[in-house]
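Undergrad: Here it is: the structure, laid out below.
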Protein chains: 2
Amino acid sequence: MSWKQELEKVVGNARKAAAEAAQWPPDFKKKLLGDIASRIEKKSAWLIAENRKDLKAGKVAGLSSAMMDRLTLSEKRIHAMAEGVRAVARLKDPIGKVQAKWTRPNGLKLQKVTVPLGVILMIYESRPNVTVECAALCLKSSNVAILRGGREAMASNRALATIFKESFKRYGLSPFQVNLVTTTDYAALDFLLEQEGRIDLVIPRGGENLIRRVVERSRIPVVKHYQGICHVYVDKKADLGKAVAITLNAKLQRPGVCNAMETLLVHQAVAEKFLRMLSAPLQQGGCEVRGDVATRCLIPWAKRAKAGDYGHEFLEKILAVRVVKGLDQALAHIEAHGSRHTDAIVTEDKKAAGTFKAKVDSSSVMVNASTRFSDGFEYGFGAEIGISTDKIHARGPMGLEGLTSYKYIVEGNGHIRS
Amino acid sequence: MSWKQELEKVVGNARKAAAEAAQWPPDFKKKLLGDIASRIEKKSAWLIAENRKDLKAGKVAGLSSAMMDRLTLSEKRIHAMAEGVRAVARLKDPIGKVQAKWTRPNGLKLQKVTVPLGVILMIYESRPNVTVECAALCLKSSNVAILRGGREAMASNRALATIFKESFKRYGLSPFQVNLVTTTDYAALDFLLEQEGRIDLVIPRGGENLIRRVVERSRIPVVKHYQGICHVYVDKKADLGKAVAITLNAKLQRPGVCNAMETLLVHQAVAEKFLRMLSAPLQQGGCEVRGDVATRCLIPWAKRAKAGDYGHEFLEKILAVRVVKGLDQALAHIEAHGSRHTDAIVTEDKKAAGTFKAKVDSSSVMVNASTRFSDGFEYGFGAEIGISTDKIHARGPMGLEGLTSYKYIVEGNGHIRS
């Protein structure tokens with residue numbers, strides 16, 4: 001079968017599978033996910049063997065050690081994947097929830113009830129655990145997943161897909177409940193992005209270039225995440241102890257993720273004291289600082305910030321620092337250079353915090369807390385399919401709720417419109 | 001100024017205007033909309049004079065009488081427009097609503113608060129009242145509107161935009177709160193559709209070709225409405241009196257709108273009795289019937305349904321009719337030919353109604369009520385910006401809530417992530 005025939009078959013059958021999944025009762029989904037979790041653990045030796053094929057190919061292809069690490073499956077990681085599926089199984093079922101219920105003056109009874117989206121195309125890169133996470137979240141929300149993972153993890157993903165399909169077979173379900181795209185050609189991706197009306201949502205995860213390409217070509221709605229250019233603003237009335245802790249945490253705890261801070265803004269009135277407090281621990285943490293003139297006076301080892309450093313997503317131990325005249329300049333800086341992802345203020349001044357909360361147009365606005373908290377698990381959603389930098393459909397950390405839509409159910413007694 | 005310079009200016013200033021609008025208190029918006037309503041009424045003579053220019057040009061261009069009627073402004077219609085603005089002013093303010101509020105075990109306090117989307121591009125056709133409706137809904141939801149109306153209504157729309165801007169001036173607001181695109185070139189539209197990151201949402205209203213073109217070219221999220229192919233299924237256990245009333249209402253009360261019925265499905269067990277009851281009133285109503293063999297036996301004057309008649313949006317007094325073996329066949333027909341807009345069952349059987357409600361994947365599912373009720377006003381939203389056939393963001397009738405997003409506000413006390 002050519003890739004086109006194969007994909008045509010997947011897309012054609014996905015919709016039928018979605019109609020089936022929409023009718024699953026909550027308890028059934030729990031059982032199904034429990035079964036998948038057990039199978040993953042039972043087959044760990046085989047999974048590791050299949051994963052070796054990817055690792056071998058990755059070595060030949062010269063993948064970086066970070067990529068190789070992300071690709072690697074171990075007993076421990078497989079157990080964690082299975083536990084992740086069990087955690088999703090335990091979440092509150094998002095489907096069939098009556099969001100609102102009202103009766104019109106003419107007696108018509110209305111309900112707004114959550115329903116699955118239908119068929120979701122996930123595009124992502126190397127980590128095989130993403131395959132399991134996405135499949136579990138789609139099953140829990142009664143959606144059909146079409147998973148287009150990276151070439152690097154193909155053998156691991158195929159093995160995982162086989163395990164899902166064994167479980168579907170056991171329960172008499174369509175094998176098309178979860179679908180792995182085995183062609184990584186861009187032509188195949190483009191074909192999928194044209195399946196408007198048959199695929200309901202596209203969620204690309206990965207590098208910005210990939211995501212831009214998807215947005216450009218997709219006729220299907222896309223929920224996406226471009227960049228996390230997160231700011232921390234240390235206000236005149238900040239508790240500087242908290243500010244140091246939050247700065248270090250936001251920058252250094254895990255610099256490679258989207259909710260890590262990229263730029264620090266400091267009120268000029270506290271700049272001297274604060275930056276002197278911060279200098280040593282930043283240096284000890286191995287962090288490069290790129291600052292404006294004032295910053296370089298106070299942190300002598302800091303480099304000069306170039307224009308492009310503000311608004312840049314470093315994703316490593318590099319921090320841009322700017323001393324600002326006050327809250328207004330900080331707000332203007334965030335508006336000009338931010339990506340509307342997550343921004344924080346450190347202040348004990350309720351008025352300043354109030355202005356910041358009202359004026360910063362980001363999916364998450366933090367007061368006296370690290371930007372690193374911007375995360376579905378930290379927010380208590382119990383799961384995360386991604387973080388949306390869109391304002392449409394889902395914004396910010398996106399859990400099971402982001403994988404649902406709703407319908408209106410209208411009950412009358414022969415009502416006609418006059 | 002070239003159109004490109006003009007649009008660049010609009011888009012560049014729209015974002016600043018949006019930041020301004022996001023801070024408006026609810027009472028201010030009420031006052032502003034009240035002022036706009038009064039100005040529209042005060043300037044009715046001028047509006048009618050400007051509208052004459054469109055009518056004159058329309059006559060030369062040979063617009064149909066239906067189009068000319070939709071384009072025409074009269075004292076009465078202008079008063080209705082102003083009343084429409086007052087009705088929007090009275091609606092509950094959709095911004096700053098705390099949708100959820102919770103505290104995490106670590107003490108972090110979270111709130112999910114509604115915010116405006118930002119800048120909304122509306123694309124629509126001839127009726128000038130749409131200009132007023134869209135502007136009012138965007139102002140009430142603190143969004144900036146970029147309005148790209150039809151060429152036919154340009155003079156009327158310019159006059160209305162002038163009235164808005166007078167009101168903005170009086171209140172010291174940015175003139176870019178509502179923006180009329182005065183170029184109807186497709187190149188100008190394409191330019192706007194590329195303004196990702198500067199425009200937050202596109203809502204096209206109009207013919208399917210226009211909408212498909214927008215979806216194909218837009219890099220900005222689009223909420224849209226393709227077709228309303230609405231079905232009524234008359235079940236074996238239907239109250240046939242109700243079924244006749246609902247059928248006539250759904251097809252004939254206003255055939256040219258998206259929530260009118262296009263196809264009638266009848267259970268074979270009641271087909272004879274029901275279609276004989278329906279035949280005379282349908283004929284009296286001037287409705288053409290296109291049926292399958294069984295239908296043509298029972299309604300002798302019916303024409304033969306061709307394959308393309310099922311799933312066709314007639315938007316006129318033409319009804320496709322099919323006799324089905326039962327509920328399952330009706331569901332399969334709707335799945336195959338429907339557009340997931342609005343579908344209705346007529347039945348006194350709770351079990352059949354339950355199955356229909358659960359299995360029909362449409363934005364509105366009706367039981368014993370006419371499809372014509374699928375409408376923002378009928379649902380009690382007090383306004384309608386459109387009806388979405390998407391499952392993403394907003395589905396079905398879309399009121400003020402559909403013009404909002406949300407942000408998470410997270411308050412800690414120096415919280416850092418471990």
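The values are calculated or read from the model by the stated rules, or taken from the named source; none is laboratory data. This structure is a prediction, so every number in the text was calculated from the model and none was measured. Cβ placement follows ideal geometry from the backbone for every residue including glycine, while neighbour counts extend to all protein chains displayed.
Undergrad: May I ask you to list the residues in the stretch A:357-374 that are part of a helix (DSSP H, G or I) and either facing chain B (nearest Cβ under 7 Å) or more than 21 Å from A:Arg254 (Cα to Cα) (or both)?
TA: Once the filter is applied, which keeps residues that are part of a helix (DSSP H, G or I) and either facing chain B (nearest Cβ under 7 Å) or more than 21 Å from A:Arg254 (Cα to Cα) (or both), the stretch A:357-374 yields A:Lys357, A:Ala358, A:Lys359, A:Arg372, A:Phe373.
Undergrad: Which residue is nearest to the chain's Cα centre (by Cα), if the candidates are limited to the stretch A:245-264 and must be of a type in the set (A, V, I, L, M, F, W, C) and either surrounded by fewer than 22 Cβ atoms within 10 Å (Cβ to Cβ) or outside the structural domain of A:Pro281 (by TED's automatic domain parsing) (or both)?
TA: A:Val257
Listed here are the residues, each with its yes/no results for (1) under 22 Å from the mean Cα position of the chain (by Cα); (2) assigned by TED's automatic domain parsing to the domain that holds A:Leu278; (3) among the β-branched types (Val, Ile, Thr).
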site	(1), (2), (3)
A:Ile163	no, no, yes
A:Pro175	no, no, no
A:Phe191	no, no, no
A:Gly207	yes, no, no
A:Arg212	yes, no, no
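Undergrad: Now a separate question. Got a number for residues in the stretch B:364-390 being more than 20 Å from A:Asn413 (Cα to Cα) and in contact (Cβ under 8 Å) with a residue 24 or more places away in the chain?
TA: Total meeting the criteria: 8.
Undergrad: Filter the stretch B:328-356 down to the residues that are within 14 Å of chain A (Cβ to nearest Cβ), in contact (Cβ under 8 Å) with a residue 12 or more places away in the chain and in a helix (DSSP H, G or I) and list them by number.
TA: Answer for the stretch B:328-356, where residues must be within 14 Å of chain A (Cβ to nearest Cβ), in contact (Cβ under 8 Å) with a residue 12 or more places away in the chain and in a helix (DSSP H, G or I): B:Leu331, B:His333, B:Ile334, B:Glu335, B:Ala336, B:His337, B:Ala352, B:Ala353, B:Thr355, B:Phe356.
Undergrad: To continue, here is another question. What are the residues in the stretch A:188-212 that are out of contact with any Pro (no Cβ under 8 Å at 6 or more places or on another chain), more than 10 Å from every other protein chain (Cβ to nearest Cβ) and either free of Cβ contacts under 8 Å to residues at least 24 places away in the same chain or under 11 Å from A:Ile120 (Cβ atoms) (or both), if any?
TA: Answer for the stretch A:188-212, where residues must be out of contact with any Pro (no Cβ under 8 Å at 6 or more places or on another chain), more than 10 Å from every other protein chain (Cβ to nearest Cβ) and either free of Cβ contacts under 8 Å to residues at least 24 places away in the same chain or under 11 Å from A:Ile120 (Cβ atoms) (or both): A:Ile199, A:Ile203, A:Glu208, A:Asn209.
Undergrad: May I ask you to verify whether A:Lys97 is within 14 Å of chain B (Cβ to nearest Cβ) and under 21 Å from the mean Cα position of the chain (by Cα)?
TA: On the way: within 14 Å of chain B (Cβ to nearest Cβ): yes; under 21 Å from the mean Cα position of the chain (by Cα): no.
Here the answer is no, as A:Lys97 does not meet what is asked.
Undergrad: Go through the stretch B:210-237 and report how many residues are closer than 25 Å to B:Ala66 by Cβ and in a loop (DSSP other than H, G, I, E, B).
TA: Of the residues in the stretch B:210-237, 6 are closer than 25 Å to B:Ala66 by Cβ and in a loop (DSSP other than H, G, I, E, B).
Undergrad: Residue under question is A:Leu315, and the condition is that it be over 26 Å from A:Glu208 (Cα atoms) and in contact (Cβ under 8 Å) with a residue 12 or more places away in the chain; does it hold?
TA: Numbers: over 26 Å from A:Glu208 (Cα atoms): no; in contact (Cβ under 8 Å) with a residue 12 or more places away in the chain: yes.
Against the criterion (over 26 Å from A:Glu208 (Cα atoms) and in contact (Cβ under 8 Å) with a residue 12 or more places away in the chain), A:Leu315 does not qualify.
Listed here are the residues, each with its yes/no results for (1) within 7 Å of another protein chain (Cβ to nearest Cβ); (2) in a strand (DSSP E or B).
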{"position": "A:Asp390", "(1), (2)": "yes, no"}
{"position": "A:Ala394", "(1), (2)": "no, no"}
{"position": "A:Ile409", "(1), (2)": "yes, yes"}
{"position": "A:Gly414", "(1), (2)": "yes, yes"}
{"position": "A:Arg417", "(1), (2)": "yes, no"}
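Undergrad: Now a separate question. For the stretch A:44-64, name all the residues that are surrounded by 18 or more Cβ atoms within 10 Å (Cβ to Cβ) and not in a helix (DSSP H, G or I).
TA: A:Leu63
Undergrad: Got a sec? Which strands (runs of 3 or more DSSP E) wholly within the stretch A:74-169 have at least 2 residues that are buried (at least 21 other Cβ atoms within 10 Å of the Cβ)?
TA: A:109-116, A:119-123, A:144-148
Undergrad: Which members of the stretch B:238-273 meet the condition of being at the interface with chain A (Cβ under 10 Å from one of its Cβ atoms), part of a helix (DSSP H, G or I) and either modelled with pLDDT under 95 or out of contact with any strand residue (DSSP E or B) (no Cβ under 8 Å at 6 or more places or on another chain) (or both)?
TA: Matches in the stretch B:238-273: B:Val244, B:Leu248, B:Asn249.
Undergrad: If I go through the stretch A:375-388 residue by residue, how many of them are over 9 Å from the mean Cα position of the chain (by Cα) and more than 8 Å from every other protein chain (Cβ to nearest Cβ)?
TA: 4
Undergrad: Next up: Which of the residues belonging to the stretch A:325-357 are farther than 26 Å from A:Val257 by Cα and of a type outside the set (Lys, Arg)? Outline the logic, then answer.
TA: Step one: list which residues in the stretch A:325-357 are farther than 26 Å from A:Val257 by Cα, which gives A:325-329, A:348-352, A:354-355.
Answer for the stretch A:325-357, where residues must be farther than 26 Å from A:Val257 by Cα and of a type outside the set (Lys, Arg): A:Gly326, A:Leu327, A:Asp328, A:Gln329, A:Glu348, A:Asp349, A:Ala352, A:Gly354, A:Thr355.
Undergrad: Also, I was wondering about something else. Residue check: is A:Gly311 at positive phi, surrounded by fewer than 20 Cβ atoms within 10 Å (Cβ to Cβ), within 14 Å of chain B (Cβ to nearest Cβ) and at pLDDT 95 or above?
TA: Yes: the conditions hold for A:Gly311.
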